[in-house]
1. Being open to solvent by 70 Å² or more (accessible area, probe 1.4 Å), assigned to a loop (DSSP other than H, G, I, E, B) and free of Cβ contacts under 8 Å to residues at least 12 places away in the same chain is the filter here; which residues of the range 212-247 pass it?
2. Filter the range 55-65 down to the residues that are in a loop (DSSP other than H, G, I, E, B) and over 17 Å from the mean Cα position of the chain (by Cα), then identify the one that is modelled with the highest pLDDT.
3. Every residue in the range 145-186 that is surrounded by 17 or more Cβ atoms within 10 Å (Cβ to Cβ) and more than 24 Å from residue 65 (Cβ to Cβ), please.
4. Given the criteria over 30 Å from residue 193 (Cβ atoms), buried (at least 16 other Cβ atoms within 10 Å of the Cβ) and either acidic (Asp, Glu) or out of contact with any Ser or Thr (no Cβ under 8 Å at 6 or more places or on another chain) (or both), does residue 52 qualify?
5. I'd like the full set of residues that are open to solvent by 30 Å² or more (accessible area, probe 1.4 Å), among the β-branched types (Val, Ile, Thr) and closer than 15 Å to residue 178 by Cα, limited to the range 118-142.
6. Tell me which residues, restricted to the range 2-21, are farther than 14 Å from residue 51 by Cβ and outside any helix (DSSP H, G or I).
7. How many residues, within the range 22-46, are assigned to a loop (DSSP other than H, G, I, E, B) and either of a type in the set (D, E, K, R) or over 20 Å from residue 68 (Cβ atoms) (or both)?
Amino acid sequence: MASALLLLAAYGVWDLGEGESTSQDSRMKRAWSHFSLFCTAEGLSPSGIRSFSRSKLHCGTKTNPTFPFVGCKGSDTVLLLKFLSFVATMRLADAGPALSERLSKLLLLVQMGARAGLSFTQGIYVHGIWLERSCVIHLRRALRDFTSAYSQLAFFSLAEGHTLFGMVPKLHALCHFKKDFEDSLKRGKALAISPGVYDCAMGEDYIGKIAKLSRRVAYKRGHFERSILRVALVKAKSVLNKFCKDRGLKA
């Protein structure tokens, strides 16, 4: 999403009129204003992101650029995909023939990628472990459109001289899921396992707390994992004892 926000900024999508600053940070502030207005109108609320800027999108420096990323939670990812889909659709409808060929192509790719991303992420969460063939076909199409749009945007950015849309491991994983779906359909299987079984988003807060504890544990080959679990259990017991004490309960 960060790459899409920055590429749209480079084409002036967030500009409101003449005389405005065209610096990247100024455009990111305007992008955040658009996003905030969209969330208010839709009754949505981001949980982890508070603004857009070069530093918060991890852009690096001009002499040492890096592929940007938002670094947000899954719920905010869905909000950003909805926002990008809305912006691309509105700009395509409002400007019509007045759009340049390159901007029109960019908006169509962002629209396709955002819609496909929403279809996939929301699709796997409304299903159980097993997917029927019709659902497999739907999710495969979503993955095909998303990976195609992402790859074309990466090529588009490279041709324009922007360090955007890096070929990250997550994209590689999505391509594996698409291949698994294609193999399932080719073999005529009635059911296929959902990619949602590999998702650990529901436990990311717990995982983060355990990771934080692990940084306080001295490394010792062969005993590191056991030490982390022991520290985690001690911490859990402490929290439980405090909970019971505050409420007059027996631990």
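1. Correct list: 215, 218, 219, 220, 221, 223, 247.
2. Here is the first cut: in the range 55-65, the ones in a loop (DSSP other than H, G, I, E, B) are 55-59, 61-64.
Narrowing further to those that are over 17 Å from the mean Cα position of the chain (by Cα): 55, 61-64.
Details: 55: 84, 61: 77, 62: 75, 63: 77, 64: 81.
This residue is 55.
3. 145, 146, 174, 177, 178, 181, 184
4. Details: over 30 Å from residue 193 (Cβ atoms): yes; buried (at least 16 other Cβ atoms within 10 Å of the Cβ): yes; either acidic (Asp, Glu) or out of contact with any Ser or Thr (no Cβ under 8 Å at 6 or more places or on another chain) (or both): yes.
Against the criterion (over 30 Å from residue 193 (Cβ atoms), buried (at least 16 other Cβ atoms within 10 Å of the Cβ) and either acidic (Asp, Glu) or out of contact with any Ser or Thr (no Cβ under 8 Å at 6 or more places or on another chain) (or both)), residue 52 qualifies.
5. 121, 137 - these are the residues of the range 118-142 that are open to solvent by 30 Å² or more (accessible area, probe 1.4 Å), among the β-branched types (Val, Ile, Thr) and closer than 15 Å to residue 178 by Cα.
6. Selection gives 11, 12, 13, 15, 16, 17, 18, 19, 20, 21.
7. Keep residues of the range 22-46 that are assigned to a loop (DSSP other than H, G, I, E, B), which gives 22-23, 43-46.
Restricting the remaining residues to those that are either of a type in the set (D, E, K, R) or over 20 Å from residue 68 (Cβ atoms) (or both) gives 43-45.
Residues flagged as assigned to a loop (DSSP other than H, G, I, E, B) and either of a type in the set (D, E, K, R) or over 20 Å from residue 68 (Cβ atoms) (or both) within the range 22-46 amount to 3.
The values are calculated or read from the model by the stated rules, or taken from the named source; none is laboratory data. Just so it is clear, the structure is predicted and the values come from calculations on it, not from any experiment. In this analysis, Cβ positions are derived from the backbone assuming ideal geometry, glycine residues included, and neighbour counts consider all displayed protein chains. To get the accessible areas, we keep the full protein, side chains included, count just its heavy atoms, and leave off ligands, DNA and RNA. Shrake-Rupley method; radii C 1.70, N 1.55, O 1.52, S 1.80 Å.
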